[in-house]
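Below is one structure, written out as structure tokens; the observations come after it.
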Amino acid sequence: ANDISHPAFAKLFISTEYDSETNTIIAMRKLRDSDTKYYMANRLIIENPTDRYQYETNRMEFIGRNKTLSNPKAINEKLTNYVGNPLDPIISLRNTIKLLAGEETTVYFVSGFGKSKAQVMDIINTYCDEESIEELGFEVATIMSNVTNKMVNITGNDMRLYNTILNYLFQTSR
């Protein structure tokens, strides 16, 4: 309970690492009074990146001294590629894309959560390219959405009503 009630204290038990083979940052959180560990992995997939992947897991390095979230140091400078045990952890992955007028490219950001490093890496390796993301990822998301809707007893008519309300809230087109 103490781990949840004090965010700064909870951050002390997070460690990060980078897998250069998959361009993935893996974060592990160990609960203070337990051997239980939780893992999160984030991967950036870019068609034809023009540079090496950069990453940052230290929030202070990302923002920078005398900088703000609206104008962080990381916008204009290279990321430090720091992993380890940051005092205030973040996950930032970056690469460069160059497009000519009229060209398109696809960028994917894959996140996985689990109770072991092997489990999150299995997710990262399963969703490793456009084809697997399009086929498996959206299929799994649709199934999970349908299961959740059934659990909270949302009907198709309810969902249409909620989507209409959200259109007005977010001022999107129909």
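For the stretch 43-119, applying the loop criterion from DSSP together with a ceiling of 12 other beta carbons within 10 Å to the trypsin sites (Lys or Arg not before Pro) yields Arg52, Arg65, Lys78, Lys98, Lys115.
Of Glu21, Glu135, the residue with the largest accessible area leads and the full order is Glu21, Glu135 (1.4 Å probe). Full extension of the chain between Met60 and Phe13 yields a length gain of 15.2 nm, computed as 0.36 nm times the residue separation minus the alpha carbon distance. By the compact-protein rule of thumb, 2.2 N^0.38 Å, the alpha-carbon radius of gyration of the chain corresponds to a ratio of 1.24. Solvent-accessible surface (1.4 Å probe) assigned to Val140 amounts to roughly 70 Å².
On the chain, 53 percent of the accessible area sits on carbon and sulfur atoms, based on a 1.4 Å probe. If the segment from Lys78 to Ser116 were pulled out straight at 0.36 nm per residue, it would be longer than the present Cα-Cα gap by 10.6 nm. Averaged over its residues, the stretch 34-116 has an accessible area of 67 Å² per residue, based on protein heavy atoms and a 1.4 Å probe. What residues of the stretch 72-94 lie in the reach of a label at Ser20, counting those whose backbone N is under 20 Å from a point 7 Å from the Cα along Cα→Cβ? Output list for this probe position: 78-85, 92-94. Here the spin labels are modelled as points 7 Å beyond Cα on the Cα-Cβ line, and at Val152 and Asn95 they lie 3.5 nm apart. Gain on full extension, evaluated as 0.36 nm per residue between Val107 and Asn85 minus their Cα-Cα distance, stands at 5.1 nm. Report relative contact order for the stretch 21-97 in percent, whole number only (criteria: Cα-Cα under 8 Å, sequence separation at least 6). Once normalised by length, the contact order is 34 percent. Distance from the alpha carbon centroid of the stretch 36-114 to that of the stretch 116-174 works out to 24 angstrom.
Here the chain is treated with +1 on each Lys and Arg Cβ and -1 on each Asp and Glu Cβ, and its dipole about the Cα centre works out to around 860 debye.
The values are calculated or read from the model by the stated rules, or taken from the named source; none is laboratory data. This one's a predicted model, so the numbers in the text were calculated from it and none came from an experiment. Every residue, glycine among them, receives a Cβ derived from its backbone with ideal geometry; neighbour counts consider all protein chains shown. The accessibility values were calculated without ligands, DNA or RNA, using every heavy atom of the protein model including side chains. Shrake-Rupley method; radii C 1.70, N 1.55, O 1.52, S 1.80 Å.
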